[in-house]
Amino acid sequence: MATRYDVILRGGQIVDPGNGVNQVADIAMVGGKVAEIGDIAGTGEIERDVAGMVVMPGIIDSHVHVSPWLGGAAGHRMMALAGVTCALDMAGPIDGVTRFAAQHGCGLTIACIDYVRPGHTVTSVDPGMDELRDTLARARASGAIGLKILGGHFPLSAEASGRVMQVTADEGAYVAFHSGTVNTPQNVDGMRESCDLAAGNPLHLPHINSYTRGLDGSALVEAEEAIAILNAHPNIWSESYLAPINGNSGKCANGTPEAVATQRNLERGGFEPSQQGLAKAIADGWAMVHVLKDGINVLSRGAEGLAAWQAAETDIGISFFANPPEPRLHLATATRSDGSFAIDGLATDGGGIPRNDLCSRGLALVHLDALSIEGFVIKTSVNPARVLGLSARKGHLGVGADGDVTVLDLARLAPVASFAHGQPILLDGQVMGRGSRMLVPPQAADHVRAMGMEVLIAEPGSMIPARTA
Ligand SMILES: [Zn+2]
């Protein structure tokens with residue numbers, strides 16, 4: 001009797017650099033796992049001919065936002081449409097991320113790090129070790145795998161930023177640091193300071209392109225500087241993104257945008273760093289508002305953007321054209337002397353921020369021969385799986401791996417299908433996935449299961465592993 005599978009994808013180009021595979025073959029999944037690769041005789045509950053398409057381990061976006069604070073619930077659908085199967089929310093707040101994942105999930109696996117934010121999760125810009133240990137314990141109990149230092153948005157003191165990374169290292173938790181402290185802006189100098197403050201501890205340094213915007217000189221020179229700094233700090237894992245737009249909060253309090261980054265972007269465009277200045281910037285088209293249309297967020301400017309920002313009482317996402325092209329391209333493709341990528345991951349800083357462009361822009365680099373298709377898979381799946389401590393089960397298509405697959409149409413720079421744990425997320429142009437799985441620390445497993453989600457356990461110490469030579 002022929003074997004019966006949940007899914008069979010026939011005749012695609014299987015690109016699985018983790019297992020040294022790049023060949024035309026069928027792939028079958030059963031019970032949420034990869035069951036077989038080769039010439040498959042059985043039948044599948046779901047069967048598709050994917051000849052001419054690339055079949056890769058599911059795309060893992062190592063930097064997204066899907067919280068009530070940033071990004072919003074629509075990010076789940078936006079990621080599903082972009083071929084993403086697993087993502088790391090890079091700020092929390094964790095309770096909002098779990099709530100949205102349970103209620104608005106589209107079948108993805110979601111992890112979250114919770115922000116260290118003065119007045120919210122810590123009492124001041126200079127919290128001590130004991131307070132930070134409590135902050136981490138609370139975040140973990142709610143489902144976060146670690147902490148995010150908000151730097152350029154809501155900075156801590158330099159000393160407290162270093163203490164956060166000491167606490168997460170001591171406890172084997174994840175940590176990411178948006179460079180910048182109360183005295184240092186978000187630029188290459190801020191990035192160098194972050195790397196020094198890590199003091200050899202594991203760190204995810206997000207969106208390297210955000211520190212190399214050429215505000216103080218040549219953006220490409222800054223990109224080279226950033227690469228040299230990362231080369232000197234092998235304890236640090238990094239990603240960059242390809243979109244021209246940034247993502248900020250439009251929220252104002254007492255007549256001023258709360259986020260430092262929003263204030264800076266207003267000044268850069270010649271606007272006052274005030275609520276009035278932001279209103280004028282939106283009306284003039286310098287600031288673009290994230291407006292929900294047909295279930296996804298889109299950029300809106302002028303009168304429509306202004307109306308949406310006012311209707312949200314300023315508490316809505318906004319973007320500015322902040323990223324010049326040259327460093328974005330260079331950081332995405334640069335390699336170290338051993339051939340590995342200088343910037344480990346290609347991410348989006350997307351989710352609910354409308355720039356889920358790993359396929360639309362990342363595959364454009366494949367077209368340009370600036371990135372091989374294996375390189376694309378390494379930066380969007382293999383390396384992100386590794387930093388999340390998931391490389392045994394995700395980031396490759398070996399038999400027994402999680403049934404996480406993204407099918408790419410290289411000609412259209414677009415995903416045509418995706419699966420997580422053998423279940424369709426995106427199929428025939430439709431978002432099929434429902435609910436979420438969450439990657440959580442052991443102490444949050446019951447809490448997150450009680451919200452109706454399956455969990456994967458993030459064992460302390462398994463994440464941001466040391467770089468092997
Ligand atoms: Zn971000």
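No value in this document is a laboratory result; all are computed from the given coordinates. In this text the structure is predicted, and so the values were computed from the model without any measurement. Ideal geometry is used to build each Cβ from the backbone, glycine not excepted, and the neighbour counts take in all protein chains shown.
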Checklist outcome for this item: Reported set for region 20-79 where residues are without any contact (Cβ under 8 Å) to a residue 12 or more places away in the chain and of a type in the set (Ser, Thr, Tyr) is none
Next on the checklist: Can you find a residue that is under 29 Å from residue 292 (Cα atoms) and among the aliphatic types (A, V, I, L, M) anywhere in region 115-135?
Outcome noted: yes
Checklist entry - Which condition number does residue 167 fail, the rest of (1) touching a strand residue (DSSP E or B) at 6+ places or on another chain (Cβ under 7 Å); (2) more than 19 Å from residue 268 (Cβ to Cβ); (3) not small (Gly, Ala, Ser) being met? => result (1)
Checklist outcome for this item: Scanning region 133-172 residue by residue, those assigned to a loop (DSSP other than H, G, I, E, B) and under 29 Å from residue 451 (Cα atoms) turn out to be 142, 143, 144, 145, 150, 172
Checklist entry - Can you tell me which residues in region 348-357 are touching a Lys or Arg at 6+ places or on another chain (Cβ under 9 Å) and on the phi < 0 side of the Ramachandran plot? => result 348, 355
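Per-residue answers, yes or no, for (1) surrounded by fewer than 22 Cβ atoms within 10 Å (Cβ to Cβ); (2) touching a Leu at 6+ places or on another chain (Cβ under 7 Å):
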site	(1), (2)
152	no, no
158	yes, yes
164	no, yes
173	no, yes
178	no, yes
185	yes, no
201	yes, no
204	no, no
Checklist entry - residue 371 is checked against (1) in contact (Cβ under 8 Å) with a residue 40 or more places away in the chain; (2) assigned to a loop (DSSP other than H, G, I, E, B) and fails just one. What number does that condition carry? => result (1)
Checklist entry - If a residue has to be part of a loop (DSSP other than H, G, I, E, B), closer than 30 Å to residue 464 by Cβ and touching a strand residue (DSSP E or B) at 6+ places or on another chain (Cβ under 6 Å) to count, how many in region 247-295 make the cut? => result 2
Checklist outcome for this item: Matching residues in region 1-55 (closer than 23 Å to residue 395 by Cβ and in a loop (DSSP other than H, G, I, E, B)) number 6
Next on the checklist: When you scan region 368-375, do you find a residue that is more than 25 Å from residue 466 (Cα to Cα) and within 16 Å of the ligand (Cβ to nearest atom), even just one?
Outcome noted: no
Checklist entry - Hey, among 344, 369, which residue is charged (D, E, K, R) and in contact with a strand residue (DSSP E or B) (Cβ under 8 Å, 6 or more places away or on another chain)? => result 344
Item to check | Pairs, first without any contact (Cβ under 8 Å) to a residue 60 or more places away in the chain in region 1-13, second small (Gly, Ala, Ser) and surrounded by 17 or more Cβ atoms within 10 Å (Cβ to Cβ), C-beta under 7 Å, six or more apart | outcome: 5/28; 5/35; 5/44; 8/28; 8/44
Checklist entry - Taking strands (runs of 3 or more DSSP E) that do not extend beyond region 418-469, which have at least 1 residues that are surrounded by 13 or more Cβ atoms within 10 Å (Cβ to Cβ) and in contact with a Cys (Cβ under 7 Å, 6 or more places away or on another chain)? => result 423-427
Checklist entry - Mind checking whether some residue in region 307-315 is touching a Ser or Thr at 6+ places or on another chain (Cβ under 7 Å), aromatic (Phe, Trp, Tyr) and more than 16 Å from residue 244 (Cα to Cα)? => result no
Next on the checklist: Let me spell it out: the conditions are (1) more than 16 Å from the chain's Cα centre (by Cα); (2) surrounded by fewer than 22 Cβ atoms within 10 Å (Cβ to Cβ), and residue 57 meets all of them except one. Which number is the exception?
Outcome noted: (2)
Checklist entry - Within region 69-106, how many residues are within 12 Å of the ligand (Cβ to nearest atom), over 21 Å from residue 413 (Cβ atoms) and buried (at least 24 other Cβ atoms within 10 Å of the Cβ)? => result 7
Item to check | Top-ranked residue of region 216-243 - restricted to ones that are in a loop (DSSP other than H, G, I, E, B) and either in contact with a Ser or Thr (Cβ under 9 Å, 6 or more places away or on another chain) or over 26 Å from residue 88 (Cα atoms) (or both), ranked as nearest to the ligand (Cβ to nearest atom) | outcome: 241
Next on the checklist: It is to be established whether one or more residues within region 117-131 are under 26 Å from residue 393 (Cα atoms), more than 16 Å from the ligand (Cβ to nearest atom) and either without any contact (Cβ under 8 Å) to a residue 40 or more places away in the chain or not in a strand (DSSP E or B) (or both).
Outcome noted: no
Checklist entry - Are there any pairs, at least 6 apart or on different chains, whose C-beta atoms fall under 8 Å, with the first in region 202-224 and without any contact (Cβ under 8 Å) to a residue 60 or more places away in the chain and the second away from the ligand (no atom under 13 Å from the Cβ) and part of a loop (DSSP other than H, G, I, E, B), and if so, which? => result 211/187; 215/187; 216/187
Checklist entry - Tally time: how many residues in region 301-327 are crowded, with 21+ Cβ neighbours inside 10 Å, in contact with a helix residue (DSSP H, G or I) (Cβ under 8 Å, 6 or more places away or on another chain) and not in a loop (DSSP other than H, G, I, E, B)? => result 4
Checklist entry - Given the structure, is residue 319 under 17 Å from residue 72 (Cα atoms), within 16 Å of the ligand (Cβ to nearest atom) and of a type in the set (Gly, Ala, Ser)? => result yes
Item to check | residue 400 vs. criteria farther than 20 Å from residue 296 by Cα, in contact (Cβ under 8 Å) with a residue 12 or more places away in the chain and either among the hydrophobic types (A, V, I, L, M, F, W, C) or in a loop (DSSP other than H, G, I, E, B) (or both) | outcome: yes
Next on the checklist: I'd like to check something: does region 340-360 contain any residue that is free of Cβ contacts under 8 Å to residues at least 60 places away in the same chain and aliphatic (A, V, I, L, M)?
Outcome noted: no
